[in-house]
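Here's the structure we're looking at; comments come further down.
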Amino acid sequence: MIFPEYGQIGKKKIKICTLLHGQSQDASFWVRRTNIEQIAGEENMAVIMPEAARSFFVQMPNERNFQKFLREELPEFLDNTFPFLSKNPEDHMIASSEKSCAGRMKDIVSEGCSYYGRGSCLPRDFTDADLRFLMSGTEIHEDG
């Protein structure tokens with residue numbers, strides 16, 4: 001998790017960006033590949049980067065149900081643990097770095113999960129500028 005600088009917390013509720021990694025990556029991908037800490041500070045956003053190994057964020061046999069985690073467990077944990085985070089779904093976004101996760105992400109947003117106000121998929125060759133644009137509140141579509 002990444003939070004804005006301490007001085008920014010408390011001035012207004014912090015928005016939330018949940019970033020899903022691709023199958024060939026792990027949660028550290030976002031920190032290693034981007035300037036996510038700087039962008040999160042500029043956008044006054046908390047960034048959540050869950051680790052899901054090679055699960056495509058779906059339920060694996062005899063393992064964790066990642067969709068339930070993203071729809072129910074993570075939102076409950078964030079709401080109960082960090083009172084400075086916004087509870088408004090319009091301030092919550094979920095995004096992916098690979099199309100393979102984009103379908104799962106859209107399922108999470110569209111199948112009755114009211115926690116995330118929007119979901120988006122970054123282009124395969126995305127840059128920090130794309131990530132900054134996405135986090136500023138504008139959706140990006142790979143084909144446009």
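The values are calculated or read from the model by the stated rules, or taken from the named source; none is laboratory data. Values in this document were obtained by computation on a predicted structure and should not be read as measured data. Ideal geometry is used to build each Cβ from the backbone, glycine not excepted, and the neighbour counts take in all protein chains shown.
Here are a few things to note about the model shown:
- So Asp130, is it more than 15 Å from Trp30 (Cβ to Cβ), acidic (Asp, Glu) and either at pLDDT 65 or above or buried (at least 18 other Cβ atoms within 10 Å of the Cβ) (or both): no
- Close pairs from the stretch 62-88: first hydrophobic (A, V, I, L, M, F, W, C), partner surrounded by fewer than 17 Cβ atoms within 10 Å (Cβ to Cβ) and modelled with pLDDT of 90 or more, Cβ under 9 Å, at least 6 apart: Leu85/Asp79
- Considering residues of the stretch 75-101 that are within 22 Å of Arg33 (Cβ to Cβ) and in a helix (DSSP H, G or I) only, the residue modelled with the highest pLDDT: Lys99
- Answer residue from the stretch 23-54, given it is of a type in the set (Gly, Ala, Ser) and buried (at least 18 other Cβ atoms within 10 Å of the Cβ) and is modelled with the highest pLDDT among those: Ala46
- Given (1) out of contact with any Cys (no Cβ under 9 Å at 6 or more places or on another chain); (2) crowded, with 18+ Cβ neighbours inside 10 Å; (3) at pLDDT 70 or above, index of the condition Arg104 fails: (3)
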